[in-house]
Protein chains: 2
Amino acid sequence: MMKTAFLGLGVMGGHMAANLARGGYDVRAWNRTPDRPGVAIAREGGAEIANSIRDAVAEAEVICTCVGDVPDVEEVILGPGGIAEFAKPGAIVVDLSTIGPAAVAPIAEALKSRKIQFLDAPISGGDVGAKNGTLTIMVGGEADAFETCKPLFEAMGKNIRHCGPSGSGQGVKLCNQILCSLTLVGVCEAMLLAERQGIDPQLVVEVCGTGAAGSWALSNLGEKVADGDFAPGFMIRHMVKDLRLVQEALSRYLPGVELADRLFKVVRDLDGGDGAMQGTQAMIRAYREEEN
Amino acid sequence: MMKTAFLGLGVMGGHMAANLARGGYDVRAWNRTPDRPGVAIAREGGAEIANSIRDAVAEAEVICTCVGDVPDVEEVILGPGGIAEFAKPGAIVVDLSTIGPAAVAPIAEALKSRKIQFLDAPISGGDVGAKNGTLTIMVGGEADAFETCKPLFEAMGKNIRHCGPSGSGQGVKLCNQILCSLTLVGVCEAMLLAERQGIDPQLVVEVCGTGAAGSWALSNLGEKVADGDFAPGFMIRHMVKDLRLVQEALSRYLPGVELADRLFKVVRDLDGGDGAMQGTQAMIRAYREEEN
């Protein structure tokens, strides 16, 4: 039974660690803050909770991290007391966070000098996908490391793709976030027009959803946009981070991304900053603010 | 056998008139310019080609128009020698053009004074949908007129919806065009990022297409955007018209629509104006222009 470690037990990480354990892997899981729901979820799924990074990773052949933004990933892997200090040579570190392509190379090189391989493997599919094991996992890095880890990925996700060399998983993930964001701009503006015309939003979803205007966002978020149901889904604060990474990855001006970013930030700053915790469909609130 | 007229035999109109005739209707079809491909298509499908609007509509119970922009529709219905002069009381005029909700009321009222009913019934689905009888038809107007015409719509399309009172078919169609345009902005910007990262566009289509980033535009136009295949599909000049109607329909500022409109107009003006004849996926050329 392959020994694995899983660091970062947020709601998604907790479910993923649990699915790894259910898939027959020996999982030692660790979270910086121990009293979180994700820790309980991982434990209930069969993961053993470790008291330190050292305890989690020392024996592991594959070490997964799912921790958030660039500094968090750098710290847990390369920081004092981090993975690089305690992982054994020959181990593979798989980072499931979205950190953009630029951050990948320094991490991969630092690990390589210790004979540890690195895969960037950002995920898509949200809490539900993490729970049900239906995530999309976009993997960049050496093909042999990908093949070794593929069965693990299959325990956590459904649509698993090797995207190319190191960093390319991050590249595809950022494309994904661009697509999500702009589709949502369209849904918001279409719903505003529907409202102004007295047209039932459900009708727009049904009629437009089957043709050239169709999208996942229209079918799944259209009515939520219209009805003001802003429960996440995918939180605005994560999307703002991801669009920052897009802008860092690409020197050129992308006016659509810039627009979506501006709208998300308006909502992020509402309710004393609590807007950031709402689902991306709350983008419509930026338009409502402008109207007031 | 119900007597119908069909005015406006562009490529879409030609196929729709042919499908009406194939559906068992007596179709008298007319086009301002007789030597067009759509005229031949209608004739081959079994429509009889009329020499004048009078000749086409005098006996018709339902009169379809599919002619382009607002002035064209107004002229063929209300202009000298137009439908209103020759149609018999009790007839129903069905306009399949996209003219926006504002233009509908004056036409409907002018016809009502002659005891002629009016349905706005804009279509979506392109040349292929017109040919195969798989169009989406979004209908606004009185329910009884809609019910009378429903079998005709079913001869021309697949997804037929009564959207509500007069003008609401146009309203839904404009929502559709907003959605198409913004989804395409996302596809263009995602493909630019993929290109910069050396990522295969097909990979982006496959990986992102199945989840929250998925859309008809990504699946059907993504690779065309990346490969520079700009054959229409749906022409930029029609979309520029439709986005003008969106902006007329809604007094408020829609930044996404404004962005898409600006990008389409950059492409429209390329190649001495021939850019307007390309498919909407040629939007990517606006970004390439900015890079030069």
Expressed to two decimals, region B:171-291 has a Cα Rg over Rh, using the Kirkwood radius, of 0.97
Close lysine pairs (chain A; alpha-carbon distance under 17 Å; 8 or more apart or on separate chains) counted at 9
Distances longer than 19 Å among the Cα atoms of region B:118-199: what percent of all pairs is that?
48 percent
Where Rh is the Kirkwood radius over the Cα pairs of chain B, the temperature 10 °C and the viscosity 1.306 mPa s, what D in µm²/s does Stokes-Einstein return?
80 µm²/s
What's the whole-number percent of alpha carbon pairs in region B:105-253 lying beyond 22 angstrom?
52 percent
How large is the direction-averaged shadow of the alpha-carbon convex hull of region A:2-62, in nm²?
3.3 nm²
Between region B:1-57 and region A:253-292, the Cα center-to-center distance that results, in Å
50 Å
What are the DSSP H helices in chain A that stretch 24 Å or more along their long axis, judged by alpha-carbon atoms, and whose average Kyte-Doolittle hydropathy comes to at least -1.0?
A:168-197
Quick check on chain B: helices-only [θ] at 222 nm, where DSSP H runs of length 4 and up contribute -39,500 (n - 2.57) each and the sum goes over total residues. Nearest 500, please.
-16000 deg cm²/dmol
Pairs of Cα atoms under 8 Å, at least six residues apart: use those to get the relative contact order of chain A, whole percent.
13 percent
Quick one: grab the alpha carbon gyration tensor of region A:3-166, order the square roots of its eigenvalues as a ≥ b ≥ c, and give me rounded if a/c is under 1.5, else prolate or oblate depending on whether a/b is larger than b/c.
rounded
For the protein assembly as shown, what does the equivalent ellipsoid look like in terms of its semi-axes, each the square root of 5 times an eigenvalue of the Cα gyration tensor, given largest first in whole Å?
55, 22, 20
Could you work out the relative contact order of region A:102-160, using alpha carbon pairs under 8 angstrom and six or more residues apart, expressed as a whole percent?
30 percent
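Rule-based calculations on the coordinates, nothing more; no lab input. On a predicted model such as this, the values are computed, not experimentally measured, just so you know.
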